[in-house]
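Visitor: Starting off with a structure, shown below.
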Amino acid sequence: METRLPHDLNIDKTGWHRARERAVSSLRAYVLNNLAGDLRADYETAVEPTLDEPPADGVAVHKAMRPRPAFRLYSSLRCTAQELVWSTVIDSINQQADVLEEQAEALTTKSGVAGTLELDESTELPDYYRAVDVHLMPGNYDGAAAEAGVLPGAVYDNGFNVFAFGAMGKEHNDIGWSMANFVKLRFPDIEPATIVDVGCTIGHNTLPWKQTFPDADVYGVDIAGACLRYAHARATSLGVEAHFRQASSDRLPFDDASVDVVFSSMFLHELPAKHIGRFISEAHRVLRPGGVLINMELPPNAALPPFDAFYLDWDSYYNNEPFYKAFRDQDYRSLCTDAGFESENFFEGVMPRYTYVDADDFEKAVLSPAEFDEDTGRLSDAIQWYGFGARR
Ligand SMILES: C[S@@+](CC[C@H](N)C(=O)[O-])C[C@H]1O[C@@H](n2cnc3c(N)ncnc32)[C@H](O)[C@@H]1O
């Protein structure tokens, strides 16, 4: 595992911190690949055959699995690894916070930078946002706090590097590449002029949209000003033009019918239901006729066998993701039609990771109907992405 990030917002980590990052990353890979396999085997060989009737859903599988040693080992190690992800990187970031701020300042004030940053510190944080440290990340995304500088972005970027154990792209951007190329292949008539990534955090999945559609203006929107400061400096360092705007997904800062693609990634499952509805209605408002809303997400529970539904819902119970299961219990087509999209314009897709596979294999998957399997949405070395949305 490479502990240096592939851009200039880097800190010199001690040998101890680098070793610790590698150890935590390996632990996560072991839990999510190997122990996850043991968990499934335990269910299939020792639990399922003893059930009086087939489990109705993931909740029934959860109930049956909770006393099992395999489940307890998996869950305790996964929780421990998650906490270690953050504590390890926060420790080294705190030791060099000044260096990081200076690097960000130098990048932000660099001349000739085409990308922009517009912060709106009057942006109000909804209650749900302050209520929990989502996925056990201390301080959450730190919202609008100006005094936070770029540190929350650095925590997310360095933490994500450990968290992803190399499974999400060299610049943690495979989702962006995959979804942008999904749109390009599935909707070849689209020539986007304006693309908006909502809930963009540090813009890692925003930049591939500019790289895939170089003629488009690409925007990253988030409620967390601290992450956007980092996103802007990061994009500058990588030499990719993108425009970052602080705003809530409840009120996107774009005119009616002015956007060609609205994208989100791992965003909806962090919102309460009413905010999901507002965001999709906003997407409908800002999209031009023919424009595309595409959300990379976890697959819906209804599409999966009970064990897979249980497995993906683990985060809702044990990883401070309070809205995760409620979101996955929804009918995604209805989320779109309730917001004004036509039912026949709904689409979904399952695809391999764009930057890991041959172009032909990727294209074949994009042009085929969505087929769910145990790797769909499950972070592992064999992960397949899921996306859904609708055309305006
Ligand atoms: C899981 S992160 C998204 C990750 C990122 N899109 C990716 O591809 O990895 C969720 C993001 O949504 C942002 N967020 C939460 N509620 C929001 C809202 N109402 N409006 C805009 N951004 C919001 C958070 O600040 C955070 O950056």
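Visitor: Number of Lys-Lys pairs in the chain under 22 Å by Cα, sequence gap 8 or more or different chains?
Guide: Details: LYS13/LYS170; LYS63/LYS325; LYS110/LYS210; LYS170/LYS184; LYS170/LYS210; LYS184/LYS210; LYS184/LYS364; LYS274/LYS325.
Going through the chain pair by pair, I get 8.
Visitor: Using only the alpha carbons of segment 137-232, what is the convex hull's orientation-averaged projected area in square nanometres?
Guide: Numbers: hull surface 25.2 nm².
For segment 137-232, the mean projected area of the Cα convex hull comes to 6.3 nm².
Visitor: Could you give the nm distance between label points at LEU77 and ALA106, where each point is 7 Å from its Cα heading toward the beta carbon?
Guide: 4.2
Visitor: Can you sort PHE163, PHE346 so the residue with the fewest Cβ neighbours within 10 Å comes first? All intermediate terms of the calculation are to be shown ahead of the outcome.
Guide: Working: PHE163 22, PHE346 18.
The most exposed by this proxy come first: PHE346, PHE163.
Visitor: Quick check on the chain: of the DSSP beta bridges with both residues there, what percent are antiparallel, nearest 5%? Walk me through the numbers on the way to the answer.
Guide: Working: 12 of 35 bridges.
If we restrict to bridges inside the chain, about 35 percent are antiparallel.
Visitor: Arranged by the count of other C-beta atoms within 10 angstrom, fewest first, what order do MET296, MET1, MET179 take? If you can, show how the numbers build up before the last one.
Guide: Working: MET296 24, MET1 15, MET179 28.
Going from sparsest to densest Cβ surroundings: MET1, MET296, MET179.
Visitor: Can you compute the helix-only [θ] at 222 nm over the chain? Use -39500 (n - 2.57) per DSSP H run of at least 4 residues, normalise by all residues, nearest 500 deg cm²/dmol. Let's see the in-between values first.
Guide: On the way: 15 runs with 167 residues, N = 392.
Only helices count here, giving -13000 deg cm²/dmol.
Visitor: Here's something else I'd like to know. At a threshold of 8 angstrom on Cα-Cα distance, excluding pairs fewer than six apart, so keeping six or more, what relative contact order does the chain reach in percent? It would help to have the intermediate numbers written out before the result.
Guide: Numbers: 716 pairs, mean separation 71.2, N = 392.
Contact order relative to length: 18 percent.
Visitor: Rank these for me by crowding, THR206, THR80, going from fewest to most other beta carbons within 10 Å. Mind dumping the intermediate values first?
Guide: Working: THR206 31, THR80 13.
Result, fewest neighbours first: THR80, THR206.
Visitor: Hey, another quick one. Amide H neighbours of ASP197 under 5 Å, at least 5 residues apart or on other chains, H built in the peptide plane: list them.
Guide: HN-HN under 5 Å from ASP197: TYR219, GLY220, VAL221, PHE263.
Visitor: What does the chain give for Rg and for Dmax, in Å, if only its C-alpha atoms count?
Guide: 20.5, 69
None of the figures in this text is laboratory data; all of them are computed from the coordinates on show. Keep in mind that this is a model prediction, so the values were computed, not measured. As a convention, Cβ positions derive from the backbone with ideal geometry for all residues, glycine included, and neighbour counts pool all protein chains shown.
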